[in-house]
Amino acid sequence: MASPPHPKVLVIFGTRPEAIKLFPVVRALRQDPRLHTVTCVTAQHRGLLDQVLAIAGLTPDIDLDLMEAGQTLDRLTARLLIGLGEVMDAERPDRVVVQGDTATAMVGALAAYYRKIPVAHVEAGLRSGDIYHPWPEEVNRRIVAPIADLHFAPTETAAAALAREAVTTGVRVTGNTVIDALHWTRERIAAAPALAADLEAVAARFAGKRLILVTTHRRENFGDGMAAIARAIARIADRDDTAVLFPMHPNPNVVGVMDAALGARDNVARIAPLDYPHFIRALELSDIVLTDSGGVQEEAPALGKPVLVMRDTTERPEGVAAGTARLVGTNEDRIVSEVFTLLDDKGAYSAMARAHNPYGDGRASIRIAGIIADAFGL
Ligand code: UDP
């Protein structure tokens, strides 16, 4: 008698951070012989996503290639719903896996719900408490919660946030898969240093300086916030003892403002977004991280790098509680004074520079794959 087919798991993602946090999960699912795993990328953000797929050696089974110039949230959401719905009708998965807080995650869960397909949510339970920060990600996450039947909370704090919304069944604290991605990639770099060698010229150019790594791309910061961030970076770079390494998000709301405020300076390297191994190398080289990114708030503490978060709220309070992260908002003077304190006060620096792993032990993906397989009663 023919054995029944393996349950089909459809993993959906669309942006760089989702790819970074899901490639270890896809690897773990694929290693489980009980499951048939299919990947679908929406390519909500094309270029940055492809960089990660290449490094991770992941060729998506289905590529919706949905990114379009000047895409609005309305059009993106509508196109995602139709595109992902058609994929689910063709593939008929037994389970859908989404990650985090993007439109792809929210719509992937909704399309699955319309077909009564169970949904697993990786990185569940992050909440800032403010529906406009981060916008629209806070609500994207909340919409997934009542739909999903498996909630992979990275920390106890995230599980407690779900409990406050009466989501208590199917919640498992697994750690954040970003730490798995970080470990895997650092091991790859150790075995093949050429993977992250392009930054050595920057490291040599800035030898003897304190290196500040900057990333900024949040929608809420576009406009006045971005202009204040740009002026703060200029003042930090006015010091002789600093250098700024700034892989710049291609969004015109970032590039235009930075061009105007920073011009050409010897000690500021504004470069294209780095692929993941090079970004990890940049984190390792840096003394201070200045960012509004979510994922970077999780990676920097794991490497013991003080991280100043240019937001007023965070859905990742664990780094702040551990003392490695601090919320500094987007006020120019505040950003400058917090950076200067870390540069000038050794005690303040070393208090923030202890490595912590509040976000996991690097085995989250293995746990997640096991729980997904177990849920089929396999
Ligand atoms: N990252 C990268 N190259 C860069 C900047 C960031 O690979 O030039 C990685 C970083 O290590 C982190 C992720 O991208 O894992 C964060 O993505 P992003 O800041 O775009 O999104 P968020 O985490 O805020 O959702």
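Since every read-out is calculated from the coordinates, none of them should be taken as a lab result. Note that this is a predicted model, so its numbers are computed, not measured. Every residue, glycine among them, receives a Cβ derived from its backbone with ideal geometry; neighbour counts consider all protein chains shown.
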Subject >> Percent of C-alpha pairs per 5 Å bin, segment 207-275, short to long >> reply: 4, 17, 31, 26, 15, 6, 1
Original post:
If you keep only loop residues by DSSP, which GluC sites (Glu not before Pro) in segment 19-112 have at most 13 other Cβ atoms within 10 Å of their Cβ?
Top reply: GLU68
Original post:
With each label point set 7 Å from Cα along the Cα-Cβ vector, what nm distance links GLU91 and ASP259?
Top reply: 3.9
Subject >> Relative contact order (%) - segment 248-305, alpha-carbon pairs under 8 angstrom, separation at least six >> reply: 30
Original post:
When ARG281, ARG367 are ordered from fewest to most other Cβ atoms inside 10 Å of their Cβ, what list results?
Top reply: ARG367, ARG281
Original post:
Where Lys and Arg each count +1 and Asp and Glu each count -1, what net charge lies around ARG210 among other residues with Cβ under 13 Å from its Cβ?
Top reply: -1
Original post:
Can you give the Rg and Dmax of segment 299-378 based on its C-alpha atoms, in angstrom?
Top reply: 17.2, 58
Subject >> Contact order relative to length of segment 120-233, as percent, for alpha carbon pairs under 8 angstrom and 6 or more apart >> reply: 23
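Using the alpha carbons of segment 33-134, what is the convex hull volume per residue in cubic angstrom, as a whole number?
Details: hull volume 13.5 nm³, N = 102.
Measuring per residue, one finds 133 Å³ for the Cα hull of segment 33-134.
Looking at the square roots a ≥ b ≥ c of the eigenvalues of the Cα gyration tensor of segment 153-248, which shape do they give, rounded for a/c under 1.5, prolate if a/b is larger than b/c, or oblate?
Values: a/c = 3.40, a/b = 1.44, b/c = 2.36.
Note, shape of segment 153-248 comes out oblate.
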Original post:
To the nearest 20 debye, what charge dipole does segment 121-187 have about its Cα centre, counting +1 at the Cβ of each Lys and Arg and -1 at the Cβ of each Asp and Glu?
Top reply: 100
**OP:** Starting from segment 11-43, pick out the trypsin sites (Lys or Arg not before Pro) whose DSSP state is loop and whose Cβ has at most 16 other Cβ atoms within 10 Å.
**Re:** ARG34
**OP:** Working from Cα positions, state the angle (0 to 90°, nearest 10) between the long axis of helix 103-114 and the longest principal axis of the chain.
**Re:** 10
Subject >> Relative exposure of GLU338, GLU200, GLU298, judged by other C-beta atoms within 10 Å (fewest first) >> reply: GLU200, GLU338, GLU298
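Taking the Cβ of ALA90 as the centre, find all other residues whose Cβ is under 15 Å away and add up their charges (Lys, Arg: +1; Asp, Glu: -1).
Details: positive: LYS8, ARG92, ARG115; negative: ASP61, ASP63, GLU86, ASP89, GLU91, ASP94.
Net local charge, ALA90 excluded: -3.
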Subject >> Residues THR59, THR324, sorted so that the one with the fewest Cβ neighbours within 10 Å comes first >> reply: THR59, THR324
Original post:
Based on the Cα coordinates of the chain, what is the per residue volume of their convex hull in Å³?
Top reply: 131
Subject >> Residue among PHE23, PHE222, PHE246 with the largest mean-square fluctuation in a Gaussian network model of the chain, springs linking Cα atoms under 10 Å >> reply: PHE222
**OP:** Starting from the Cα coordinates of segment 64-219, work out the convex hull volume and express it per residue in Å³.
**Re:** 184
**OP:** Please identify, among TYR276, TYR113, TYR132, the residue showing maximal mean-square fluctuation in a Gaussian network model of the chain using a 10 angstrom Cα cutoff.
**Re:** TYR132
Original post:
Under the rule of -39500 (n - 2.57) per DSSP H run of 4 or more residues, summed and divided by the residues of the chain, what mean residue ellipticity at 222 nm is obtained, to the nearest 500 deg cm²/dmol?
Top reply: -14500 deg cm²/dmol
**OP:** Using only C-alpha atoms and all pairs of different ones, pull out the Kirkwood radius for segment 261-321 in Å with one decimal.
**Re:** 12.9
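Which of the three applies to segment 174-324, rounded, prolate or oblate, going by the alpha-carbon gyration tensor with a ≥ b ≥ c and a/c under 1.5 meaning rounded? If you can, show how the numbers build up before the last one.
On the way: a/c = 1.67, a/b = 1.16, b/c = 1.44.
Since a/c reaches 1.5 but b/c is at least a/b, the shape of segment 174-324 is classed as oblate.
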**OP:** Taking the chain as the reference, fit the longest principal axis to its C-alpha atoms, fit the long axis of helix 276-285 to the helix C-alpha atoms, and give the angle between the two in degrees, 0 to 90, nearest 10.
**Re:** 40
